[in-house]
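Undergrad: Let me begin by handing over the structure; questions about it come next.
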Amino acid sequence: MALEAYASRNPDAVHVDVLSKARQACYKARDAFYACLDKESNKRPTEIASVGLLYPSECKNSRAEFDKHCRASWVKHFDRQYCRNRRVQRLLDDKDSRRVIKQ
């Protein structure tokens, strides 16, 4: 509420401190959600997020905070990035497990 009142006094001015605080809040919420995903990775995913990301219900609160603090386009971007990184890591892990050492 205070940030909105501060920004509404002069709508044409760019308030760098407000933007910075909002960005930091978004990053903190994002990190908390993905940490929950990693921690609860052994649980069955029951909820669906953007771009088909599935997550367990234990992470519902952190997902709500993530959605609240970040723009929708950022959430979509971070979800895609997380899925892509997981896919690459899974491929690398799979490749290492199939590698046979020849003597």
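Undergrad: Could you pull out every residue, at least 5 positions away or on a different chain, whose amide H is within less than 5 Å of the one on residue 47? Hs are placed 1.01 Å off N in the peptide plane, and Pro or chain starts have none.
TA: Under 5 Å from the amide H of residue 47: 55, 57.
Undergrad: Between residue 90 and residue 28, what is the spin-label point distance in nm, taking each point 7 Å from the Cα along the Cα→C-beta axis?
TA: 3.2
Undergrad: May I ask you to give the average projected area over all directions of the convex hull of the Cα atoms of region 17-97, in nm² rounded to one decimal?
TA: 5.8
Undergrad: With θ taken as phi - 60° and the coefficients 6.51, -1.76 and 1.60, list the Karplus ³J(HN,Hα) couplings across region 50-63 in order, rounded to whole Hz; mark glycine and proline as x.
TA: Residue by residue, region 50-63 yields 5, 6, x, 5, 9, 8, x, 5, 5, 9, 4, 5, 5, 5 Hz.
Undergrad: Apply the Karplus curve 6.51 cos²θ - 1.76 cosθ + 1.60, θ = phi - 60°, to the phi angles in region 19-27 and return the couplings in whole Hz, x for Gly and Pro.
TA: Calculated HN-Hα couplings, in order: 4, 5, 5, 5, 5, 5, 5, 5, 4 Hz.
Undergrad: Follow-up question, since we're still on this one. Output wanted: per-residue J couplings in Hz (rounded whole) for region 67-77, from phi through Karplus 6.51 cos²θ - 1.76 cosθ + 1.60, θ = phi - 60°, x for Gly and Pro.
TA: 5, 6, 8, 10, 5, 4, 5, 5, 4, 4, 4
Each value in this text was obtained by applying a stated rule to the coordinates, not by laboratory testing. This structure is a prediction, so every number in the text was calculated from the model and none was measured. Cβ sites come from the backbone with ideal geometry, for glycine too, and all protein chains shown count toward neighbours.
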